[in-house]
There are 2 protein chains.
Amino acid sequence: MAGTRKALDRAYAVIMAGGRGERFWPLSTSKRPKQMLCLVGDKPLMAMSAERMAGLVPPERVIVVTGADLAAAAAAAAPGLPCTNIVGEPFGRDTAAACALGTALVRKRDPEGIVCILTADHIIKDAPRFREILAAAIGVAGAGDRLVTIGVEPAYPSTGFGYIEAGERVAAPGNVPFFRAKRFVEKPDRATAGKYLAAGSYCWNSGMFVWSCGLFLEELKKHRPPLARMVDAVTPAIGTPDFDRVLEAEYGKLERISVDYAIMEKTDRMVMARGAFGWDDVGSWPALQNHLDRDADGNVVTGKCEALDSSGNVVVSKERLTALIGVKDLVVVQAPGATLICRKDRAEEVKEMVKRLGAKPEYRDLL
Amino acid sequence: MAGTRKALDRAYAVIMAGGRGERFWPLSTSKRPKQMLCLVGDKPLMAMSAERMAGLVPPERVIVVTGADLAAAAAAAAPGLPCTNIVGEPFGRDTAAACALGTALVRKRDPEGIVCILTADHIIKDAPRFREILAAAIGVAGAGDRLVTIGVEPAYPSTGFGYIEAGERVAAPGNVPFFRAKRFVEKPDRATAGKYLAAGSYCWNSGMFVWSCGLFLEELKKHRPPLARMVDAVTPAIGTPDFDRVLEAEYGKLERISVDYAIMEKTDRMVMARGAFGWDDVGSWPALQNHLDRDADGNVVTGKCEALDSSGNVVVSKERLTALIGVKDLVVVQAPGATLICRKDRAEEVKEMVKRLGAKPEYRDLL
């Protein structure tokens, strides 16, 4: 029975690494998406996600769910994990499918397993506090009657994140506060974000969750039967040579839906752990300014850059030297086959550039 | 005697290709200076200079004076010329030395030779008119009593060129006007440039000259004896295995001086041919705007560039794709190991960037 074994010993980390993010072009490409990039420091974000579990969940219980075509790159980016823990989806079907698959994989190993759904491409500066919060969430989820979402104490009125509204406080041991998760809300406009911050009852939605296999699959059956059927069909094939074939057949039947829409907004079993642990989803190039040091002129540089009378620029230049003369507030990113030069306040349009390049066969190799 | 043979049959072109120009960094480097670059069209400027002589001076009478370390690259950049016509200076001693050496080389082949001193790194759009002017200048120089300089009809009050003030008109056959060259003046300020243009008697100094070997070497003896001694010492070694050794020894004794200072400002034998032939010295990256088409947004592009809402940029991007988002009036130049991003009105500071990089050993390969 759930609860009879210590919850931490049953905890698994499932790192969702299926993203194809275009906002970090030209460094991110379909073959090397954001989670594989060394945006901050010298390790891929995905490797940092995996290594952050050290001391809480051992590597043999850290599973990566990624695109089948990215599996080899993912294995290389997180060399500490057993190869069999890197599982490739035949195609992306959004986060609900990845969560369902991850939970099925854990349940096959341990029917009493507790699943921590983690993101592969976010930054967490305060790893010790994050592990504390996760340990508390594992404890709460381990009782088997609550899905836990990790809410981030908002630091400013961000319009770039979704929010979770907290309801009444829920009793839990330790120093991490838990609340009933009242509702999930989309990225707000500036005024609404300000109200959320002032209200004090809203957290940023980190996209991270903790649940027991049993409860999540029960909720899946209730709120998203096609996903529950996929899990039922795939589970017998896990660990057999049939797995890839069965998974592809079952994934082919699924519609794309996020776990927020499919489950979180429907279940009444959701609680939110609330905490501050230096979290950021690093949504676009200018976000690097929050994570890297500025020089005396306010330039943020990784790689090789020489600047004459230039300020406020974000320069990612590991491929070659960037030489700046008299320019302000630009994003400059050097990749092997392309250089991006973008006004810093227009980094959202990188997606539009990728779309435009996608229409030109000669640039296919750059995407 | 000079004049007894038709002047054109005695004409040689000496292309001065010793420049180390830093203003076209990062494409121009010490090993591949401006004259070797394909700035406009698909041929190096030096090759265009050599080929422009077609129909006037045959390739066997076209000589290139360049740096010894650039001789192989120069030969490759002007493949139509006999190898023996590429002569390397052991080190740069400015234009007076190069002119003296070029004239010595011509005199060794033909004591009655007429030397056309041409630049390797300028653009001439109207080659037929240029050849007409040069032919007329060869005719005038062929009489043996005049040094001829080629003055360019000024098209606007440039502050980037030196000027030549014309005196009274000099009788000459044909439709090219010749004037006494009254004085050479340095790059003027804006107000002075306006006065020169209004006066009508000033031309841009193209840095091109025509003279007979005899008269030039006579003037050299009079106004710059050390250069005349160099010519006397080197001449016996021309065409022998001793040449490089003797040249190095003699060049080592010389001070740097331009032909303008050494001879042109001192001689009273100078006349100026005046003409308009689409000449430009292409002094820095923004000058490309005068020679390449602009797109609908006013961007001038060679190579691969995709631009979203970006205008007035000069992009040289043969190495890789340049992607621009929301940027205006930049110079962007892609080279194998570096990318320059410079405000268009500050391209003069490229030299300062090169100087700064020169102080850092890790960037030596880029210079």
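Here the mean projected area of the convex hull built on the C-alpha positions of the protein assembly as shown is 39.3 nm².
Taking the label point 7 Å along Cα→Cβ, A:Lys351 and its counterparts in the other copies are spaced 4.7 nm apart, in ascending order.
Taking amide H positions as modeled 1.01 Å from N, with prolines and chain starts lacking one, the residues under 5 Å from A:Ala276 and 5 or more places away or on another chain are A:Glu153. Cα centroid separation, region B:96-142 to region B:237-288: 11 Å. Among the residues of region A:314-336, those with an accessible-area drop of 40 Å² or more from chain alone to full protein complex, heavy atoms and 1.4 Å probe, are A:Arg320, A:Leu321, A:Ala323, A:Ile325, A:Gly326.
Using θ = phi - 60° in the Karplus curve 6.51 cos²θ - 1.76 cosθ + 1.60, the 3J(HN,Hα) couplings for region A:338-345 round to 7, 10, 9, 10, 9, 4, 4, 7 Hz; x is entered for Gly and Pro.
Within 10 Å of each Cβ in peptide B:352-361, how many partner chain Cβ atoms are there on average? Round it to a whole number, please.
Values: counts 3, 6, 1, 0, 4, 3, 0, 0, 3, 0.
That average works out to 2.
Between region A:315-339 and region B:301-334, the C-alpha centres lie 13 angstrom from each other.
Sorted from closest to farthest, the other copies place their A:Gly167 label points 10.3 nm away, with each point set 7 Å from Cα along Cα→Cβ.
Relative to the other identical copies, B:Lys266 shows label-point distances of 9.6 nm, where the label point lies 7 Å from Cα along the Cβ direction and values run shortest first. Peptide B:340-351 has a mean shielding of 4, counted as Cβ atoms of other protein chains within 10 Å of each residue's Cβ. Per-atom-type breakdown for region A:66-138 gives carbon and sulfur 58% of the accessible area (1.4 Å probe, protein chains only). The count of lysine pairs in region B:98-222 with alpha-carbon distances below 25 Å, taking only pairs 8 or more places apart or on different chains, stands at 7. Listed by chain and number, the aspartates and glutamates placed with their C-alpha closer than 17 angstrom to that of B:Lys360 are A:Glu306, B:Glu22, B:Glu352; residues fewer than eight positions away on the same chain are left out. The residues of region B:31-101 have, on average, 37 Å² of accessible surface per residue, using a 1.4 Å probe with all protein chains present.
3J(HN,Hα) along region A:257-264: 7, 7, 5, 4, 5, 5, 10, 4 Hz, from the Karplus curve 6.51 cos²θ - 1.76 cosθ + 1.60 with θ = phi - 60°, whole Hz, x for Gly and Pro.
Annotation: peptides A:122-134, A:211-223, ranked by per-residue average of other Cβ atoms within 10 Å with the highest first, follow the order A:211-223, A:122-134. Could you please report the charge total around B:Met16, scoring K, R as +1 and D, E as -1 over all other residues with beta-carbon less than 11 angstrom from its beta-carbon? Its environment carries a net charge of -3.
When only Cα pairs below 8 angstrom with a gap of at least 6 residues are kept, region B:195-309 shows a relative contact order of 19 percent. Once C-alpha pairs closer than 8 Å and six or more residues apart are averaged by separation and normalised to the residue number of chain B, the relative contact order reads 19 percent.
In region A:313-367, the portion of solvent-accessible area held by carbon and sulfur atoms comes to 47 percent [1.4 Å probe, whole percent, DNA, RNA and ligands not counted].
Computed across region B:28-131, the Kirkwood hydrodynamic radius from all distinct Cα-Cα pairs reaches 14.1 Å.
So if I place +1 on the C-beta of Lys and Arg and -1 on the C-beta of Asp and Glu, and nothing else carries charge, what would the dipole magnitude of the protein assembly as shown be about its Cα centre? I want it in debye, nearest 20.
In total the dipole reaches around 140 debye.
Between B:Ala74, B:Ala323, B:Ala96, the GNM of chain B built on Cα springs shorter than 10 angstrom shows B:Ala323 fluctuating the most.
The alpha carbons of chain B give a radius of gyration and a Dmax of 21.0, 67 Å, in that order. Summed over the residues of region A:211-367 and divided among them, the accessible surface reaches 43 Å² per residue at a probe radius of 1.4 Å.
How big a patch of accessible area, both sides summed and in Å² to the nearest 100, lies buried between A and B at a 1.4 Å probe?
Values: alone 16480 and 16490 Å², together 29970 Å².
Separately minus together, A and B give about 3000 Å² buried.
For region A:79-135, the spread of Cα coordinates along the three principal axes comes to 33, 27, 25 Å, biggest extent given first. Per-residue ellipticity at 222 nm, computed for chain B from helices alone with -39500 (n - 2.57) per DSSP H run of at least four residues, works out to -7500 deg cm²/dmol.
What is the sum of charges around B:Glu255, taking Lys and Arg as +1, Asp and Glu as -1, for the other residues whose C-beta is under 9 Å from the C-beta of B:Glu255?
Details: positive: B:Arg93, B:Lys253, B:Arg256; negative: B:Asp94.
Charge balance near B:Glu255 sits at +2.
The values are calculated or read from the model by the stated rules, or taken from the named source; none is laboratory data. Note that this is a predicted model, so its numbers are computed, not measured. We place every Cβ from the backbone using ideal geometry, glycine too, and count neighbours over all the protein chains shown. Ligands, DNA and RNA are stripped out before the accessible areas are found, and what is left, the full protein with its side chains, is counted by its heavy atoms. Shrake-Rupley method; radii C 1.70, N 1.55, O 1.52, S 1.80 Å.
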